[in-house]
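S.K.: The structure is given below, and queries will be raised subsequently.
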Amino acid sequence: MAKFCVFYNDNPIHTATFESGVVHIGRDESNDLNIDSLAFAPAHAAVILHDTENIIKQLNADFPLLINGVRHSKHNLQDGDIITIGKHRIVFNPAETKTTFPGSKSSAAIQASVKQGMFPEANLQIMAGKHIGHVVSLKKNMTRIGHKEVGILVITRRKEGYFASLLEPNDNIKINNSGLTDTAVLLQNNDIIFINHIPMQFIWTVKS
């Protein structure tokens, strides 16, 4: 199984999950992952999903395929790889890493860890800008992100989950395009945090 999260101008617009086989990406409606943009070829790329590897292939030489900012005709996709086509970004997550959040029906492993006094891992992945693809670990009990000029977000690790709050009021910081108030927000899996228009994806990860 593999998940594809689609962003346009760094805003999340769609997520699709596929069990196996070949996933076709392109502008034509017949594609498994159809994106209505002239930046995409009618048949742009195909991802072959295997148990041990996931290969993406370019299908039209006139339409470039960029993976993590590098042009490829064929590439072995890894967890967190970013496919860039025009103003769209597609983030790839394979089956080997399952993402859940506390309280979901699939979070038994998380709840078991919490009862034993252990926390599962969570990270932020930068989705745009010069540090695109960079992963910020949230292993500390408190992590500060940003700086005074653009605002500072504090992510606190508690037994109930990861909570985001502002160090001081700031309109430059949003979660899923919504501003924050004085109340701490419980982060959900795949939430998008914006700091000065730079998006970061929150991922709560449980290894299979």
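S.K.: If you wrap a convex hull around the C-alpha atoms of segment 1-95 and split its volume per residue, what is the figure in Å³?
M.R.: 83 Å³
S.K.: Then there is this: Which value in nm describes the separation of the simple spin-label points at His134 and Glu19, placed 7 Å from the Cα toward the beta carbon?
M.R.: Simple spin-label model gives 4.1 nm for this pair.
S.K.: Moving on. Could you calculate the contour length gain from Val154 to Asn68, that is, 0.36 nm times the residue separation minus the distance between their Cα atoms, to one decimal place in nm?
M.R.: Contour length minus the Cα-Cα distance gives 28.2 nm.
S.K.: Please tell me which of these pairs span more than 31 angstrom C-alpha to C-alpha: Lys3/Lys140; Lys57/Lys159; Lys3/Lys148? Don't jump to the answer; show the numbers that get you there.
M.R.: Values: Lys3/Lys140 28 Å; Lys57/Lys159 43 Å; Lys3/Lys148 35 Å.
In this structure, Lys57/Lys159; Lys3/Lys148 lie more than 31 Å apart at Cα.
S.K.: At 1.4 Å probe radius, can you tell me the per residue accessible area of segment 148-208 in Å²? All intermediate terms of the calculation are to be shown ahead of the outcome.
M.R.: Numbers: 3100 Å² over 61 residues.
Normalised by residue count, the accessible surface of segment 148-208 is 51 Å².
S.K.: Carbon and sulfur atoms: what percent of the 1.4 Å accessible area of segment 1-67 do they account for?
M.R.: 48 percent
The values are calculated or read from the model by the stated rules, or taken from the named source; none is laboratory data. Just so we're clear, the structure is a prediction, and the values are computed from it rather than from any experiment. Positions of Cβ are backbone-derived with ideal geometry, glycine not excepted, and every protein chain shown enters the neighbour counts. Keep in mind that these areas ignore ligands, DNA and RNA; they rest on the heavy atoms of the full protein, side chains included. Shrake-Rupley method; radii C 1.70, N 1.55, O 1.52, S 1.80 Å.
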